[in-house]
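For reference, the structure is listed below as structure tokens.
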Protein chains: 2
Amino acid sequence: MFASLQTIDTRSGPRPAPIAWSPRSAAPVEARLARRAETHPLEALEPSASTLCVEKDREIYSQGDPAEFSYRILSGTVRTVKLMEDGRRQVAEFLLPGDFFGGDGLDDHDLAAEAVSAVVLRRYPRRAVEALADRDADVARRLRGLASAKLRAAREQMMLLGRKTAVERIASFLSDLAARLPNSRDGRIALAMGRADIADHLGLTIETVCRTLACLRRDGVIEIAREAVSIRDARSLHALACDPRH
Amino acid sequence: MFASLQTIDTRSGPRPAPIAWSPRSAAPVEARLARRAETHPLEALEPSASTLCVEKDREIYSQGDPAEFSYRILSGTVRTVKLMEDGRRQVAEFLLPGDFFGGDGLDDHDLAAEAVSAVVLRRYPRRAVEALADRDADVARRLRGLASAKLRAAREQMMLLGRKTAVERIASFLSDLAARLPNSRDGRIALAMGRADIADHLGLTIETVCRTLACLRRDGVIEIAREAVSIRDARSLHALACDPRH
DNA sequence: CGAACTATTGAACTAGGTCAAACCCAGTGG
DNA sequence: CCACTGGGTTTGACCTAGTTCAATAGTTCG
């Protein structure tokens with residue numbers, strides 16, 4: 001049933017006791033940094049947050065909805081989707097455990113968010129997030145950092161969509177996903193999303209995604225199982241992705 | 001199928017120091033603009049800002065540079081550019097007077113910024129911007145708003161690049177530009193950028209941009225002058241752009 | 001087993017890319 | 001005043017990467 005990704009046991013109960021929070025704490029830099037590694041920017045809001053589960057393919061919020069909540073993924077995969085009247089679809093991003101979404105600023109969501117797999121979320125009231133950011137400059141800074149990362153990713157995606165070939169798109173996608181998935185040792189990447197989602201993320205058709213994957217397999221770069229891909233030749237993959245990271 | 005290889009990359013020359021800068025310049029340009037555009041989030045930093053002029057096609061900063069400054073455009077047009085090793089180019093955005101750029105968060109710029117036309121900029125030290133945001137929650141909120149707007153635009157662009165046809169891309173582009181240019185009464189849009197820039201922004205080739213513009217002209221939707229386009233039938237244009245705005 | 005999906009593969013087609021030639025100015029210099 | 005040069009732009013003729021259409025093959029589930 002839970003064949004998907006790492007299932008951090010998270011049910012609402014065992015929440016680490018919220019540390020007493022002093023907004024202007026003069027904690028030593030090192031302590032601050034250490035804590036930063038393990039905590040997320042909205043730690044202070046845990047008391048007012050709630051946990052929810054969403055079934056596969058259910059909508060979390062839809063395009064145009066007022067943005068009342070911000071979310072953090074505990075387990076599962078989420079896609080954010082933009083839709084045109086005639087049904088053409090663009091998947092803006094795939095979100096993994098630990099990622100935030102829904103808090104991208106404006107008053108209403110410009111994208112819908114949907115569960116790719118069964119998903120467990122932590123949900124924070126936007127009003128509280130705003131208030132926290134207003135009173136805690138460190139939180140505000142970290143939120144800015146998150147926004148910047150999203151913007152950077154969006155721009156990388158623009159390059160991909162505007163200028164890369166099908167092979168480069170697929171290679172970039174796999175390469176990127178491998179880097180983001182924590183437990184992708186031995187190069188195995190679990191693909192929670194179907195070919196259609198991948199196609200709509202990369203600006204291709206389902207058929208081209210299939211053919212291109214097949215092509216990469218023929219060349220010995222990857223192996224394909226239905227729900228996962230294994231990277232056999234990471235170097236080639238990165239080269240094909242035109243990825244300056246490697 | 002290597003996309004658009006512009007003739008050459010004329011950027012690489014040793015870039016001379018910025019032409020002119022004066023810490024407190026009360027240029028007439030600025031006075032004029034101040035009148036029009038009420039206040040901006042960095043108003044408080046004006047004392048530590050400086051004004052600079054950049055010639056057409058000069059680089060303002062390049063991909064990978066440490067992000068030391070944030071900029072606001074007083075006059076002219078700027079493009080932000082992402083480059084691949086083999087010369088393929090993606091123009092992420094065109095920036096107009098009043099727009100901010102360079103402050104998108106991370107420690108170094110993921111895009112280069114270049115002057116499309118001769119440009120006058122106001123430049124703010126990032127350190128000061130950060131400090132101001134830390135101490136003034138209202139500023140921080142407005143900066144977050146700017147970042148959100150950029151993210152939203154980037155996503156719209158992803159839809160365009162991933163799923164729209166050439167005609168839709170051109171129509172969207174013109175439509176969007178018309179909405180952003182203040183003085184586009186009588187539907188006349190001044191195009192500061194050349195066809196190559198437009199092509200690299202829309203994920204097309206120069207030739208396709210030309211042909212598509214010609215096609216829109218044939219259909220009576222627009223008129224084309226060398227440096228500008230006049231919208232003759234805004235309704236059709238918006239319809240072609242698949243623009244929910246109309 | 002069969003229905004309903006999703007993925008894969010093949011064959012034909014097309015939107016947009018590539019290559020190449022003409023055009024159109026704005027300078028420049030005779 | 002005009003020819004000449006050099007940049008961007010426009011148009012035409014052809015080509016191909018990726019789409020579309022259609023048929024096949026696994027998988028899941030009742």
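Any read-out appearing in this document is the output of simple, stated calculations on the displayed coordinates, not a laboratory observation. Since this is a predicted model, take the numbers as computed values, not measurements. No Cβ is skipped: glycine too gets one built from the backbone with ideal geometry, and neighbour counts run over all protein chains shown.
Between B:GLU68 and B:ASP86, the contour length at 0.36 nm per residue exceeds the Cα-Cα span by 3.7 nm.
On a per residue basis, the convex hull of the C-alpha atoms belonging to region A:27-156 measures out at 113 Å³. Once the mean of 1/r is taken over each pair of separate Cα atoms and inverted, region A:164-241 shows a Kirkwood hydrodynamic radius of 12.2 Å.
Of the GluC sites (Glu not before Pro) found in region A:170-246, those in coil by DSSP whose Cβ has at most 13 other Cβ atoms within 10 Å are A:GLU227.
Sorted from nearest, the other copies put their A:ARG135 label points 2.2 nm away, the label point being 7 Å from Cα in the direction of Cβ. On the basis of the beta-carbon distance and an R0 of 45 Å, B:ASP219 and A:GLU59 show a calculated FRET efficiency of 0.75. With label points set 7 Å from Cα along Cα→Cβ, the inter-copy distances at A:SER48 are 3.1 nm, sorted shortest first. Under the combined filter of DSSP loop state and at most 10 neighbouring Cβ atoms within 10 Å, region A:140-246 retains these trypsin sites (Lys or Arg not before Pro): A:ARG226, A:ARG245. For region A:38-72, GluC sites (Glu not before Pro) are listed when DSSP marks them as loop and at most 10 other Cβ atoms sit within 10 Å of their Cβ; the list is A:GLU55.
Across the identical copies, the label point of A:ALA239 (7 Å from Cα in the Cβ direction) is separated from its matches by 5.1 nm, in order from shortest.
Take the convex hull of the alpha carbons in region B:77-148; its mean projected area over all directions comes to 5.6 nm².
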